[in-house]
Amino acid sequence: MAKAQLSFADINVTVTVPAGTRVIEISDKLNSGIIYGCREGDCGTCLMKVVEGMENLSEPSALEARILK
């Protein structure tokens, strides 16, 4: 199974996780300071910056695309 690396700048931690893992799950386990609203990616509270690896992400849904504008 493919792996992905997630870096949490607020706690200076990088972890390797299975592809498809939700960032919120890892953030909760690590007690990162990411603030969430709906926990589903619909409200835009948890916007984060992808600095590398965009080619490995799925295309944004219509709702995500609207929030990202």
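Quick notes
- The C-alpha radius of gyration of the chain, expressed as a fraction of 2.2 N^0.38 Å, stands at 1.12.
- Its Cα centre serving as origin, the chain has a Cβ charge dipole (Lys and Arg +1, Asp and Glu -1) of approximately 60 debye.
- Using a 4.7 Å Cβ-Cβ cutoff, the cysteines of the chain lacking any partner cysteine are 46.
- Taking other residues whose beta carbon is less than 12 angstrom from the beta carbon of residue 44, and scoring Lys, Arg as +1 and Asp, Glu as -1, yields -1.
- Only aspartates and glutamates eight or more places from residue 29 in sequence, or on another chain, were considered; those with a Cα closer than 16 Å are 10.
We did not get these values from a lab; they are worked out from the coordinates using the rules stated. Just so we're clear, the structure is a prediction, and the values are computed from it rather than from any experiment. With ideal geometry, Cβ positions are generated from the backbone for all residues, glycine too; neighbour counts draw on all protein chains shown.
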